[in-house]
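Bear in mind that the values in this text are calculations on the coordinates, not laboratory data. What you see is a predicted model; the values in this text were computed from it and never measured. Cβ placement follows ideal geometry from the backbone for every residue including glycine, while neighbour counts extend to all protein chains displayed.
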Amino acid sequence: MQSSAFTIRCPAAAPARGFPVSRFDPIRISAASKPRSDAGSALPRRSWFISEPPTSSSRLRRPWGGVQLFGSDSGKDSFEVGAASVPEAAGEGEKSGNFAKTLELGLLFGLWYLFNIYFNIYNKQVLKAYHYPATITLAQFAVGSVLVLSMWITNLYKRPTISSSQESMDNITLFSIITMMSFVLLFPVACYLEGVKFSPAYFKLAAEQGMNVKQVLSRSLLAALCFHAYQQVSYMILQRVSPVTHSVGNCVKRVVVIVSSVIFFKTPVSPINSLGTGIALAGVFLYSRVKRIKPKQKAA
């Protein structure tokens, strides 16, 4: 986009006999581009000013007004308009904004994969020594609930106000409420299935598997933090992309997590295991695609 500076000149008229006539001085009207103060708009704001070129003190000036001077020939008065091109850096702000959004989305996908990888590693290490999955899952939901309450109390994230008239909520609030509800619902189930297993006797059994009490607690805490983090980042991504893009990214994440776990734990993979994993991932991907296409066909 280019801005133009306009120059309007009115040449002096021929003086009539017997009448002293002053001449028109050239008047320059120019436009200068200034950035707008309001955010979200890339269009420049133009400010206009009028200036006169310097003249000698002996030359009489005519006031700028709408009254015609006596003795001037109005038929010879004419205006000349000239346009001078001034280049502008148009579209640079929009390009930089798109690049920043793409970079942010790529960072979120990387964190999503990274947190999930570390969650699987720590969770598997703990479960190898502490064979109570319901209790471990309950502890992970408890850590997530504490994080959610901390965010609401410290106003790091807006506290939701749930009412019967509220029809929808953002993804992060939905995930936070699901985490706390999961802890409340899983607590009686875990107690019924496994009982209370946080006692020195059960930690001693875990120590016999090669992990002491400190390692069990620290890795359980790390697994819980990674679990909550990768779930929250997943909802943040879903808020920025379409469900199809999110499902494709989820399929790729499963491949990355499986490969990283196999490399870390040095698990031998047979051709049958590889084939089964590939079929399962392909089925999940095709199911997400078909599920996305079906509503469009009904609407048509």
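Remarks
- Segment 103-241 shape via C-alpha gyration tensor axes, a/c threshold 1.5: oblate
- Net length gained if the chain between ALA100 and ILE178 were fully extended (0.36 nm per residue, minus Cα distance): 25.0 nm
- Packing rank of 251-259, 272-280, 224-232, where each peptide gets the mean count of other beta carbons within 10 Å, highest leading: 224-232, 251-259, 272-280
- Entries in LYS158/LYS197; LYS101/LYS124; LYS158/LYS253; LYS253/LYS291; LYS124/LYS291 that, when Cα-Cα distance is taken, lie over 26 Å: LYS158/LYS197; LYS101/LYS124; LYS158/LYS253; LYS124/LYS291
- Alpha-carbon centroids, segment 227-261 and segment 128-199: separation in whole Å: 20 Å
- Percent RCO, i.e. relative contact order, over segment 103-241, from Cα pairs under 8 Å lying at least 6 residues apart: 53 percent
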